Amino acid sequence: MDRDGTYGSQASGNEGAPGRPPAASGPSVPPAPEVPPGAGWVPDARRGGEAPPVPPRPAGPPPQVTAPTPPQGRPAPYDSRVLPPAPTRAPGAPPWGSTPGGPPGADFLDWLRTPRPPALPGIWRFGHRPRPEVEPEQTPGRQLVSGALIALLVGWLFWSLLYNGYLWGNWWQAPLTVLFKTTPLESQSTGAAYVSWAYIVLVAALVAVMVARLGRWPELWRRYSPWSRTRREAGRAAAPPPAPTPQEDPAQWPELRAAGEHAVADRLADEAYAGRLRDVDHARLVRAWRSVQSGQLPAETFRHGILRDGAAAFPHPSGRRDLPARSVPHDLVTGQVRLGSTLDDARNPYAYRTAGFALGSELLATSLVAVGPAGSGKTGALVRPVAEALCLQALAGRAAVVVVGVEGAALGRGDDYDIVIRLGHPDSVYDLDLYGGAHDAEEAATYLAEALVGDLPQASSSGRRPSTVLAQVLGPFRAVHGRFPSVPELRLLLDGSPTHLAALRAALDAGGHSALLRDVESRERQAGQPGDAAPLLADRLALLDRPAFADFFDTSGDGAPFSFRALDHPVRVRIELPARSHPDAARVLARLVLAQFTSSVLVRGDLSLFACLVLDDAAGVVTAEAVRGIQSLRSAHAGVLLALRTLDDVPQELRGPLLGAAGCRMALSGVAPRDGQDFAAAWGTEWREIRDVTDRQIVADEPLTKVSHFLRKAITGKAPTAQSVTVRQVERERWSASELAHALPPGHAVVSLTTVRGEHAPPLLVDLRH
């Protein structure tokens, strides 16, 4: 069986001297000690109840450590002192580990101490330098140079007239005349001559300062001097962040010290300086401390776990403390992933220009819809980095993520995930619950109806709702057998098989289920009637009743298929759909996953855990119920990311509601003009200042003027004209459909953002290649 992405007790790591950066992990890593029974929640979604092979135990006896009993419903820490693997650093990624030849943990401490000032939505806060919201007025270069030259000429003329006495005599030498009782230049005293020339130099300097201020020479020097530009760039690049005080140093854990946990803070500070504390560990321990503050975790349990395990305390149930590799920069302090940079373009607000572009959970919680053709960068520049960031957040105990894509999609390595469900693949270890873990027949019928016929408007407008038809057979079957029917059994019931319906009716009669018996009788009467949705449901269900899916969707109770009820825990799940071999079944399963997700996250017990569903290809998935479900995710601290090749994959009547339900919208380069119209309508209009220049011909009345105009036209070939400029405020689209379709360079996108607090960012032109 394929072991990619399975939960177990295996943890990546390597051994080395303290303070030395661990080497990159290879295909095989030494296993960590096994998790004791009851030490943590480990999801079990294996097919048929078969257990995957148990990894070999490490050499030597496991450490004997007695941990305090955790509170009900919370995993207990276990001993996991194996260092995480050194992640592959992407260009520009925040550093981890230690600098060769430097003190242990120096890179991590620099990363932790880097300032992260508050910023507008979508700005990469790591090392960000805020800019003013309004662009300062800058004098044009031509005007600045000409003004400086004119000021120089005026200053030279003024000084020449002043020095030679043409400006009302030598009045400016009056202080020297009073001091020496004679004209300083006529005095024969050497001392008087020195004083006189010093005075003249002082007056000349005052005149030069006045001329320099008048001609804006300092601004001209700062703008065009190579020495000044080089010095400014070198200072910007090499300017170190200000050293924090001991009371503000995050490496000293001031929040713990303020609460009186000095021993815990000292232990974590020692781990950081020794190079054993990484960014995921830091985020995970901060999350644990927040649990202590909210009362979910006893302070004694937190203190005992830190003092015993240090940086390895309160690990993820998988035992892993990092991903094997990273493709983009991440900042787990702010929970952001950097996707690119905002262009220095006049259409972008000045505060966003040249800043890094990043997404975080506060933006993804409003859901994101990205539209772009194949090859525009949806998967590589958006879906995979976001999935990678959510996997890191899950390792830190902050998020639960479900990534759905076709088989072979570049959505990260298999061991980035805890559960990899390969639907339709015979080597898949895990299974998917067809009914979403529901125990109520009405709820399970709602999931199935949305998945099977949710994309068909005629199904909901028929005489009988599809969910009602399904509930008429699911409820009685569960009452008799104690489980929901399998796919072949459900298909037979929907087809109206007399044998199976008669057996079900007899069992209900024998069990005294009179109310459910009426459902079966009603189903028998409605079978074959006009408007009956059962044939349509049976035809769609036949897509899943194929040999490739024979070992999936087990309802016998022998196995434990994955259910979205598990999103109460920081689980990382990847679902691969058989889009190449069974495209229609893949769309049905994608709608099933979306319906179960939008319903399950609303009833979670712990809403502090961010839940996100990432759909790499949402073609044929968006329905009216799905749009309503997306609208309700913000209050549940959850969101979805939907990637589409074109909005034509969404019904016409749902395109506007979909873009309105998603707080973040992204149009990538190459979108069709029809898609651009929908985005332009969603982004609305704004007031702009328009300058209209009108040329009018000058009519000469005087003979001399007529001659000059004739000569001017003969020389230039154009009649003399005069320009009139009209400035007015007009309402224009922020981005027109033509600009979105034809003006976006490759690898670029236009993105609008909204946070869960209601903060908005206007459409931004971003470069997703850097």
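Working only within the stretch 724-760, note down all residues that are small (G, A, S) and open to solvent by 70 Å² or more (accessible area, probe 1.4 Å).
Within the stretch 724-760, the first condition is being small (G, A, S), and the residues that meet it are 724, 736-738, 741, 743, 747, 749, 752, 758.
Across the stretch 724-760, the qualifying residue is only S738.
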Just to be sure before I move on: is F484 surrounded by 15 or more Cβ atoms within 10 Å (Cβ to Cβ) and within 22 Å of S600 (Cα to Cα) in the structure I sent?
yes
Of the criteria (1) farther than 23 Å from W197 by Cβ; (2) without any contact (Cβ under 8 Å) to a residue 60 or more places away in the chain, which one V134 fails
(2)
For the stretch 226-257, how many residues are modelled with pLDDT under 80, assigned to a helix (DSSP H, G or I) and not hydroxyl-bearing (S, T, Y)?
11
A400 meets each of (1) touching a His at 6+ places or on another chain (Cβ under 8 Å); (2) open to solvent by 10 Å² or more (accessible area, probe 1.4 Å) with one exception, condition (2)
Single condition R223 does not satisfy, out of (1) surrounded by 13 or more Cβ atoms within 10 Å (Cβ to Cβ); (2) at pLDDT 85 or above; (3) under 60 Å from the mean Cα position of the chain (by Cα):
(2)
Pairs under 7 Å by beta carbon, first residue farther than 23 Å from A374 by Cβ in the stretch 667-693, partner open to solvent by 60 Å² or more (accessible area, probe 1.4 Å) and hydroxyl-bearing (S, T, Y), six or more apart or different chains?
D692/T726
Could you grab me the full set of residues in the stretch 354-365 that are of a type in the set (S, T, N, Q) and either open to solvent by less than 10 Å² (accessible area, probe 1.4 Å) or more than 16 Å from R129 (Cα to Cα) (or both)?
S361
Reported set for the stretch 609-664 where residues are under 22 Å from V766 (Cβ atoms), outside any loop (DSSP other than H, G, I, E, B) and within 15 Å of the chain's Cα centre (by Cα) is C612, V614, L615, G639, V640, L641, L642, A643, C664
Would you confirm whether any residue within the stretch 153-166 is open to solvent by less than 90 Å² (accessible area, probe 1.4 Å), in contact with a Leu (Cβ under 7 Å, 6 or more places away or on another chain) and touching a residue at least 60 places away in the same chain (Cβ under 8 Å)?
no
Whichever residue in the stretch 292-334 is among the β-branched types (V, I, T) and touching a residue at least 60 places away in the same chain (Cβ under 8 Å) and, among such residues, is surrounded by the most Cβ atoms within 10 Å (Cβ to Cβ)
T301
Filter result (closer than 11 Å to L668 by Cα and either free of Cβ contacts under 8 Å to residues at least 40 places away in the same chain or among the charged types (D, E, K, R) (or both)) within the stretch 358-378:
K378
Looking at the stretch 569-590, can you tell me whether even one residue there is small (G, A, S), open to solvent by 60 Å² or more (accessible area, probe 1.4 Å) and free of Cβ contacts under 8 Å to residues at least 60 places away in the same chain?
no
Out of the stretch 665-697, which residues are assigned to a strand (DSSP E or B), open to solvent by 20 Å² or more (accessible area, probe 1.4 Å) and not basic (K, R)?
T685, E686, W687, E689, I690, D692, V693, T694, D695, Q697
Would a scan of the stretch 370-389 turn up a residue that is in contact with a strand residue (DSSP E or B) (Cβ under 9 Å, 6 or more places away or on another chain), in a strand (DSSP E or B), crowded, with 24+ Cβ neighbours inside 10 Å and at pLDDT 95 or above?
yes
Kindly provide the set of residues from the stretch 200-212 that are open to solvent by 50 Å² or more (accessible area, probe 1.4 Å) and farther than 23 Å from L149 by Cβ, ordered by number.
V201, L202
Would you confirm whether any residue within the stretch 336-353 is open to solvent by less than 10 Å² (accessible area, probe 1.4 Å), within 9 Å of the chain's Cα centre (by Cα) and closer than 24 Å to V627 by Cα?
no
The one condition L508 fails out of (1) open to solvent by less than 50 Å² (accessible area, probe 1.4 Å); (2) modelled with pLDDT of 85 or more; (3) under 20 Å from A542 (Cα atoms) is (3)
Considering each of R142, R129 in turn, give the residue that is more than 30 Å from G335 (Cα to Cα), open to solvent by 70 Å² or more (accessible area, probe 1.4 Å) and out of contact with any Phe, Trp or Tyr (no Cβ under 8 Å at 6 or more places or on another chain).
R142
One residue is enough: does the stretch 172-190 have a residue meeting the conditions open to solvent by 80 Å² or more (accessible area, probe 1.4 Å), in a helix (DSSP H, G or I) and modelled with pLDDT of 75 or more?
no
Within 48 Å of the chain's Cα centre (by Cα), modelled with pLDDT under 75 and either open to solvent by less than 80 Å² (accessible area, probe 1.4 Å) or closer than 22 Å to S341 by Cβ (or both): does that describe P87?
yes
Quick one: would you say A269 is open to solvent by 10 Å² or more (accessible area, probe 1.4 Å), free of Cβ contacts under 8 Å to residues at least 40 places away in the same chain and over 30 Å from L753 (Cβ atoms)?
no
Looking at G260, G275, which is the one that is within 26 Å of R326 (Cβ to Cβ) and part of a loop (DSSP other than H, G, I, E, B)?
G275
Consider R491 carefully, then state whether it is surrounded by 14 or more Cβ atoms within 10 Å (Cβ to Cβ), modelled with pLDDT under 85, in contact with a helix residue (DSSP H, G or I) (Cβ under 7 Å, 6 or more places away or on another chain) and not small (G, A, S).
no
All but one of (1) of a type in the set (K, R); (2) open to solvent by 50 Å² or more (accessible area, probe 1.4 Å); (3) in contact (Cβ under 8 Å) with a residue 60 or more places away in the chain hold for R540; which doesn't?
(2)
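The values are calculated or read from the model by the stated rules, or taken from the named source; none is laboratory data. Quantities reported herein were computed from a predicted structural model and do not represent experimental measurements. We place every Cβ from the backbone using ideal geometry, glycine too, and count neighbours over all the protein chains shown. Remember, those area values only see protein heavy atoms, side chains included, never the ligands or the DNA or RNA. Shrake-Rupley method; radii C 1.70, N 1.55, O 1.52, S 1.80 Å.
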